[in-house]
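Asker: Before I ask anything, here is the structure I am working with.
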Amino acid sequence: MASFLSGFSQSLSNLAGAFAKKDGESVFGIDIGTSSIKVVQLVEKKGVAVLETYGEISLGPYAEAEVGQSVNPPLEKASEALVDLLREANVTAKTGGVSIPLSSSLISVISLPTRNEEDLATMIPIEARKYIPVPVSEVTLDWFVIPEAEAEFLSAAGSERAKNATDVLLVAIHNAALERYQSIVSGAKLSPRFFEIEPFSISRSAYEHSTAPVMIVDLGASSTRVYIIEFGIVDVSHTISRGSQDITRSLAQSKNLTFLEAEKQKRRTGVSETEAGLSTLEYVFSEAKRIFLTYQRKEGKAVSEMVLVGGGASLKGIEDIAKKYFDAPVSISNPFDKTSAPAFVIDVLKDAGPSFAPAVGLALRALKQ
């Protein structure tokens, strides 16, 4: 069984702390998205995660499409793009972590009537059939036993947990998706230590952890993922079927521009000047607000913070738009804050940061293994 969750048994507040690897051993974090591939290379020096290099390459040109478009290139083209990125970013690490998108997985918290670990190993594959809409043979399973104290906090307000029960975070990843990502990185002659589902990587790098629930809004190219995370556990996950490429398409149509022209204008001016772009964000944030309010009403808990990540979170003006929808502090993540980097690149890293949350989170975990 592949391990996607190892490392979650430790407090997430310590994930960027003391690392186990020796000084000088570099690791990578690779995030293969639908519009681009991102890589981060870190090395541990005296207990600090030091940024050595990072980079991004658009996948559009490898699939006869434009920069910024969501594509699904053939395996050999995706591997070619990764090889080009590693060369251009001067990545030297040969091992690390690789992300798996939420769309290729299923995450669920289940409760089992036992405290015996041997019984769990037998019961979980059987119990998983109730939660997985495909045959168990078509997925790879992993799970993490939620500590008792955290399980109590995760319980909905007014609910009681059964005595002698064990709460388990269950993860299932489609074998076909796992094989695809394994093939892409193998084609680049890399040997990842692990594959990890995006929300866990993002949770590790995107914000400072506390005991209160946090909502993460991941604005990708083709869709927006919304997570509510508590104690590092993904309590809620939803996908909204609109993303930053929809802003580009609306802008292109309203101003009679090509997709590439609209993409460049969007990155230059943001979304405040175009009603077409605003309509997409209004839809996304309205849906996110509905998830936000439903969670608070159902669980009887207040979401303490809303954090924006993903390429769309880098757009000018987006934070002000988001603040209109949420009765909680809104911030744009800068995962590079959890690394040490030269002062002259800090501003550049802040602008690029939101889209590198998974890659940084992967590399931070790789340093600990």
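Asker: Is there any pair with a first residue in the stretch 49-72 that is in contact (Cβ under 8 Å) with a residue 60 or more places away in the chain and over 24 Å from Val91 (Cα atoms) and a second that is of a type in the set (Asp, Glu) and surrounded by 19 or more Cβ atoms within 10 Å (Cβ to Cβ) whose Cβ atoms are under 8 Å apart and which are 6 or more apart or on different chains, and what are they?
Answerer: Pairs that qualify, where the first residue is in contact (Cβ under 8 Å) with a residue 60 or more places away in the chain and over 24 Å from Val91 (Cα atoms) and the partner is of a type in the set (Asp, Glu) and surrounded by 19 or more Cβ atoms within 10 Å (Cβ to Cβ), are Glu66/Glu263.
Asker: A further question on this structure: Would you mind telling me which numbered condition in (1) within 29 Å of Gly47 (Cα to Cα); (2) assigned to a helix (DSSP H, G or I); (3) within 17 Å of the chain's Cα centre (by Cα) Ser331 fails?
Answerer: Looking at each condition in turn, Ser331 falls short on (2).
Asker: Do we find a residue being at pLDDT below 95, under 22 Å from the mean Cα position of the chain (by Cα), within 25 Å of Val171 (Cα to Cα) and crowded, with 20+ Cβ neighbours inside 10 Å anywhere in the stretch 71-85?
Answerer: No.
Asker: Could you list all residues from the stretch 185-207 that are part of a helix (DSSP H, G or I) and among the small types (Gly, Ala, Ser)? Show your work before the answer.
Answerer: First, the residues of the stretch 185-207 that are part of a helix (DSSP H, G or I): 185-187, 198-205.
Correct list: Ser186, Gly187, Ser201, Ser203, Ser205.
Asker: For Leu362, indicate whether it is in contact (Cβ under 8 Å) with a residue 60 or more places away in the chain and part of a helix (DSSP H, G or I). Break it down into steps so the answer makes sense when it comes.
Answerer: Values: in contact (Cβ under 8 Å) with a residue 60 or more places away in the chain: yes; part of a helix (DSSP H, G or I): yes.
Judged against the criteria, Leu362 is a match.
Here is a yes/no grid of residues against (1) assigned to a strand (DSSP E or B); (2) over 30 Å from Glu230 (Cβ atoms); (3) assigned by TED's automatic domain parsing to the domain that holds Phe200; (4) among the polar types (S, T, N, Q):
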| residue | (1), (2), (3), (4) |
| --- | --- |
| Ala49 | yes, no, yes, no |
| Val67 | no, yes, yes, no |
| Glu80 | no, yes, yes, no |
| Ser108 | yes, no, yes, yes |
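Asker: Let me ask something additional. Have a look at Asp320, Asp351 and point out the one that is in a helix (DSSP H, G or I), within 28 Å of Thr280 (Cα to Cα) and more than 21 Å from the chain's Cα centre (by Cα).
Answerer: Working: Asp351 fails: more than 21 Å from the chain's Cα centre (by Cα).
After ruling out the rest, the residue left standing is Asp320.
Asker: Check the stretch 288-309 and report whether any residue there is in a helix (DSSP H, G or I), within 22 Å of Asn334 (Cβ to Cβ) and within 17 Å of the chain's Cα centre (by Cα).
Answerer: Yes - at least one qualifying residue is present in the stretch 288-309.
The values are calculated or read from the model by the stated rules, or taken from the named source; none is laboratory data. Since we're looking at a predicted model, the values are computed, not measured. Cβ: placed from backbone, ideal geometry, glycine included. Neighbour counts: every protein chain shown.
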